Each structure stands twice: as C-alpha cells, then as structure tokens.
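Below is one structure; the comments refer to it alone.
The values are calculated or read from the model by the stated rules, or taken from the named source; none is laboratory data. The model shown is predicted, which means the values in this text are computed figures rather than measured ones. Neighbour counts run over all protein chains shown; Cβ positions are idealised from the backbone, glycine included. When the accessible area is computed, the model is the full protein with side chains, heavy atoms only, and any ligands, DNA or RNA have been set aside. Shrake-Rupley method; radii C 1.70, N 1.55, O 1.52, S 1.80 Å.
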Amino acid sequence: MARKRSTPEAEDENGTGAGAKEKGKGKGNKEKRGHGRGDDARARSVPPLREVLRVPAGERLDLRRFDPSGTPGGPAGKAAGREAIARMGEPLASLQERLYAASTAGDRRRVLLVLQGMDTSGKGGTVKHVIGQFNPSGCRIRSFKAPTPEEQNHPFLWRIMKALPQPGEIGIFDRSHYEDVLIARVHELVPRSRLGRRYAQINRFEQSLVEDGVTVVKVFLHLGYEEQRERLLARLDDPDKHWKFSRDDIEERLLWREYRHAYELALERCSTDAAPWFVVPADRKWYRDWAISTLLLEHLEGLAPRYPKGDFDVDECRKRLLAT
C-alpha cells in the first residue's frame, strides 16, 4: 500500500515530512517505537508486553514517534500471530472461569478493558476477535455513544459507574469516560477550565476502582492516517458496509491533528501507576488482536485467581449421591 508522507500523522513540529526523519538507519530509527525488535530479539528473553507498550506515568508523549504499523514484541508475521492467538484461547478461558469462581467465595476482583481510538481503529473488531475467546456470560460489554438527555443531566462519570463489571466479570468499554476529554476538547463542548479538572477526576476515579479490586487495562488503538483512509474507502466500496459509514467520518478525519493532540494529553495526564495506558499499533489487525490478548493474559495471570475450596465433605457427599 502506497503511503503519502505529507499527512498530519507524518509532519513534525516544523512541518517536515516523516521521510526526513527516516532517511538514515540506526540511531534515529531505534528511537521509534516498534522498530529494532527483529526475529533475533524475539528469540531472546523479552520483557512482558505490558512493559513494552506501557506509557510511563508523567512521560511527555508524541504519538508521531509510535509506528502504527509496527509489531513491538510481537510474533514474526501474521501466520505466527494467529497461531499465538489460538494458543492463548484455553488459558484465557481458564483464567476467566477461575476469576468468576473466586467471586462466588467473596473475591471482589474483576477486569476492565478500556478501548479508545480513532474511527476504524478496531474497537469493534477487538470485541469480536479477542473477547470472543471468553465465556460471554462472564463478560459485560458496553459501547458509549453520544450521551443521552438523561446522561447529560448527570456528572460525566455517572453513566460509566453504572456500566462497571461486577466481581468476577471482565468488562469491556468500547469508548469510555475518556470521550469527555477527547471529543469535548476537539469540539470545545465544555469550558477549558472544566475540561482541565476532568483529568484529575478520571485519575481519582480509576484509583478508586483499583482499590476496590478492578484491574484497569486501558488500550489506545494507534491507527495510521493513511490506513484510516483505506478502511473508510473499503466501507464505501462494499454496500454491505455502508451502514458503518457516515458523512461525519470525513468531517472528523479533517480534525486528525486536533484529535491526536487530545489523545496525547489524555495519555500523558492519565497514565498512572495504578491504571497505565498501553499504546497498541492498530494498522495490522492480527497484531492488534495478539497484543490485546497478550495484555489480558498477562494481567489475568498476575491476578492468579483460584477456584474456591468446597465447604463440604467430599467423601460423604459422594456416598450419599451413590446411594440415591
């Protein structure tokens, strides 16, 4: 796929195209996330993916330095990625069952996956391909669109609190409370003074979730500017996909720089030790699915949920059952 360089995603602070950044190999390219991790690196011991993709707390962020088509820490190609995803299915399902089982004995722990990204970045695809590996009865999926009149009469976190996963569940937010510092900033829906306070409110809210047993996994699906055009064109080319397209998609695309800046601020100000952000390159769908599956697996393994012990005499119950 041909890539034009004179795009909002490619230009630097002085309007210089990305080609100027990539003229040489070596030191300059090593600084770009997703580069410098070849097959030889994968063969060696590598850090957990949640360390590779994490946005450190307090770090100044420039999303143009993250390669949306990169595969940091990933398998060597699409086929290997799909095989790795398939292998994760059984351990993910087992961990989910143990998490749910532990909740029946009073364990309050649960997981919340927050998905954010530009239009066509793959939030819906993630729900279909990644969350599809779990038992749907233990998942709570919520998509946040424009707030309803009732929701507008409440603080912006009100509708979020109503949708949180219960103990033992895995919750998935397709968009989230971050819309209120993204769209609200780009379209100037609220005064900047109120907008500035929302970052701190979000951090306090997420800290309270963590203290109540929620593992918050926040993923920014980092899509390339040209890739978004190709995906939107694909929707126009397929009549069966027209329902996914809106003229507003084009208007929002014209605000790419503004959205990028809004995301940078949200990731900078709300990537905390308690609830960090992860930047997942989203141009390659197989890598997106592998990365999010891996992040969920690592976090669930960290929780190490266990089946609760029965509060009955097994031998006695067996004898009584055999006697029936």
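Tabulated results
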| item | result |
| --- | --- |
| Check on T126, on the phi < 0 side of the Ramachandran plot, crowded, with 18+ Cβ neighbours inside 10 Å, touching a residue at least 12 places away in the same chain (Cβ under 8 Å) and not in a strand (DSSP E or B) | yes |
| Filter result for the condition that a residue is acidic (D, E) and under 29 Å from W256 (Cβ atoms), over E97, E90, E83, E151 | E151 |
| Any pair with Cβ under 6 angstrom, 6 or more apart, that starts in region 296-324 at a residue that is under 30 Å from V52 (Cα atoms) and ends at one that is open to solvent by 80 Å² or more (accessible area, probe 1.4 Å) | E298/R50 |
| Subset of region 281-294 (residues that are within 11 Å of the chain's Cα centre (by Cα) and in a helix (DSSP H, G or I)) | R288, D289, A291, I292, S293 |
| Test: I160 is modelled with pLDDT of 95 or more, more than 24 Å from R284 (Cβ to Cβ) and crowded, with 20+ Cβ neighbours inside 10 Å | yes |
| Residue check, F278 on the phi < 0 side of the Ramachandran plot, buried (at least 17 other Cβ atoms within 10 Å of the Cβ) and not in a helix (DSSP H, G or I) | yes |
| Residue in region 174-194 that is within 19 Å of L267 (Cα to Cα), in a helix (DSSP H, G or I) and touching a Cys at 6+ places or on another chain (Cβ under 7 Å) present | no |
| Helices (runs of 4 or more DSSP H) contained entirely in region 8-122, each with at least 3 residues that are at pLDDT 95 or above and open to solvent by 60 Å² or more (accessible area, probe 1.4 Å) | 78-103 |
| Hits in region 266-275 - residues which are in contact with a helix residue (DSSP H, G or I) (Cβ under 8 Å, 6 or more places away or on another chain) and open to solvent by 20 Å² or more (accessible area, probe 1.4 Å) | R269, T272, A274 |
| Among the candidates R288, R229, R247, R306, residue that is closer than 30 Å to V181 by Cβ, open to solvent by 20 Å² or more (accessible area, probe 1.4 Å) and at pLDDT 95 or above | R229 |
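For every residue, the table says whether it meets (1) touching a helix residue (DSSP H, G or I) at 6+ places or on another chain (Cβ under 6 Å); (2) crowded, with 17+ Cβ neighbours inside 10 Å; (3) outside any helix (DSSP H, G or I).
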position: W243; (1), (2), (3): no, no, no
position: E251; (1), (2), (3): no, no, no
position: Y259; (1), (2), (3): yes, yes, no
position: L296; (1), (2), (3): no, yes, no
